Amino acid sequence: MLKKQYLMVPGPTAVPERVLQAMHRPMINHRGPQYEGMFRSISEGLKKVFKTENDVLTFPAAGTGAMEAALVNVLSPGDKVLAVSIGAFGDRFAEIAARHGAVIEKLDFEWGTAADPARLAERLTQDKAHEIKAILLTHNETSTGVTNDIQALAKARGNHPALVLVDAISGLGAINLEMDAWGLDIVVTGAQKALMIPPGLGFVAMNERAWGAQAEAKMPKFYWDAQNIKKSLAKWQNPYTPPVSLLYGLEESLKLMEEEGLENIFQRHQKLRDILRAGLKALKLSLLADDAVASAAVTAVLAPEGMEGKKIQKQMKDRFGITLAGGQKKLENKIVRIGHVGYVAETDILVTLACLEMTLQTLGIPVEYGAAVKAAERVIMEG
Ligand SMILES: Cc1ncc(COP(=O)(O)O)c(C=O)c1O
């Protein structure tokens, strides 16, 4: 039977047709005027998504590479770093810094909850000698489907001089984040989520304080050296050969985002989350995150008692062509994650919920057919 494929994972996400078409173009010289015109328009478009006046540096890399770039550009071995973690990606940010010789102190919060700004403020107040050089934050923790209140967490820094570094890989462009207004020193994101292009590009924006730290930072770097990237950016170029096809795609996806409007995009994502959560609740499934901190980009639902999450994923994929993500690390097999970031519409959520009803029934979990779809339709129609 023909199976239409639905990629409902939190990255890589589905790529709009216009972006796919834009990528199918002949190569151009990356040191010529045509490329420079395109890279200029991309770099300026990215600033709007980051809500910053600072340069946004583009690295051909996975998001993790951009996280590493952020760290090695502002830290020296032996620097103390306070890593606020609410899940697997918060842990990864800490691990990268540790591998480069930073001294890590973790401020951990239970997976499925958000970081508490009061606890961060309390810890920073204790640091009278200002030993902590950087605070690592995750905007949207993709492993648990929780969004942190980055504005409040950044505010919790008070007068402490530590830099605030934010991993916004799965949130930026889907969930509001205001680099300049919230005083964030470094913001990192990746290509394959809200930016709606295939994986392979990472982005790092640094403010003046971060550039000041960059001049002093001793962690070794060559490819990741932000000064190098900045120098080339002044000529609308990259120091090393860029993935031109991905940049064709990004130019088009930024146009799509501009046409929809950033605030409308945020609202669409919130609505997708609300539709999905209403449907899942109607099936009496438990959600990992509370409504108050629930991500607008990805939803984690607990597998029913006694059932492995993998079974649900397999049935959804084999029978209906819908790919969902599993749990990571300690949540492996305990949750199923449904991505709704980027090129996702209400209809995609309806299809996913309808097929989930049938999947659960097949797996021996009795459901009322149509219950999830009915609840979802209500949110679509009535808000
Ligand atoms: C919050 C967050 N940080 C970091 C990453 C790592 O990005 P990449 O897989 O592109 O290295 C991801 C990927 O899902 C993410 O969601």
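Computed from the coordinates by the stated procedures, all read-outs in this text should not be read as laboratory data. Just so you know, these numbers come straight off a predicted model, no measurement behind them. As a convention, Cβ positions derive from the backbone with ideal geometry for all residues, glycine included, and neighbour counts pool all protein chains shown.
If the segment from Glu259 to Asp318 were pulled out straight at 0.36 nm per residue, it would be longer than the present Cα-Cα gap by 17.6 nm. Remark: the Met381-Asn228 segment gains 50.0 nm on full extension, using 0.36 nm per residue and subtracting the alpha carbon distance. Ranking of Ile175, Ile365, Ile86 by neighbouring Cβ atoms within 10 Å, starting from the fewest: Ile365, Ile175, Ile86. In the chain, a dipole from Cβ-located charges (positive for Lys and Arg, negative for Asp and Glu) runs towards its positive end, and of Ala226, Gly202, Ala61 it is Ala61 whose Cα lies farthest in that direction.
A simple charge model with +1 on the Cβ of Lys and Arg, -1 on the Cβ of Asp and Glu and nothing else charged puts the dipole of the chain at about 760 debye relative to its Cα centre.
If both residues of a DSSP beta bridge must be in region 17-258, then about 40% of such bridges are antiparallel. Between Lys310 and Ser286, the FRET efficiency estimated from the beta carbon spacing at R0 = 22 angstrom works out to 0.80.
Between Asn29, Asn176, Asn54, the Gaussian network model of the chain with springs among Cα atoms under 10 angstrom shows the greatest mean-square fluctuation at Asn29. On full extension, the segment bounded by Arg25 and Gln151 gains 41.3 nm, given 0.36 nm per residue less the C-alpha separation. Helix 117-126 and the longest principal axis of the Cα set of the chain meet at an angle near 30°.
With neighbours defined as other Cβ atoms within 10 Å of a residue's Cβ, the residues Met381, Met358, Met1, Met219 order from fewest to most as Met1, Met381, Met358, Met219. Given R0 = 35 Å, the distance between the Cβ atoms of Glu95 and Gln34 translates into a calculated FRET efficiency of 0.30.
Put a dot 7 Å past the Cα of His130, heading toward its Cβ, do the same for Ala345, and the two dots end up 5.3 nm apart. Given springs between every Cα pair under 10 Å in a Gaussian network model of the chain, which of Gly309, Gly370, Gly173 has the largest fluctuation? Largest GNM mean-square fluctuation: Gly370.
The distance separating the Cα centre of region 288-321 from that of region 200-220 comes to 37 Å. For region 201-210, backbone phi angles converted through the Karplus equation (6.51, -1.76, 1.60; θ = phi - 60°) give residue-by-residue couplings of 10, x, 10, 9, 10, 10, 8, 4, 4, 5 Hz, Gly and Pro being listed as x.
Here the 3J(HN,Hα) profile of region 222-229, calculated from phi with Karplus coefficients 6.51, -1.76 and 1.60 at θ = phi - 60°, is 10, 4, 8, 4, 5, 4, 4, 5 Hz, Gly and Pro shown as x. Rounded to the nearest 10 degrees, the inclination of helix 63-74 to the longest alpha-carbon principal axis of the chain is 30 degrees. Placing +1 on the Cβ of every Lys and Arg and -1 on the Cβ of every Asp and Glu, with nothing else charged, gives region 151-234 a dipole about its Cα centre of roughly 120 debye.
Counting every other Cβ atom within 10 Å of each residue's Cβ, Arg378, Arg277 order from fewest to most as Arg378, Arg277. Label positions at Gln267 and Leu2, each projected 7 Å from the Cα along the C-beta direction, are separated by 3.6 nm.
The value given for region 17-258 is a Kirkwood hydrodynamic radius of 18.1 Å, derived from the mean inverse Cα-Cα separation.
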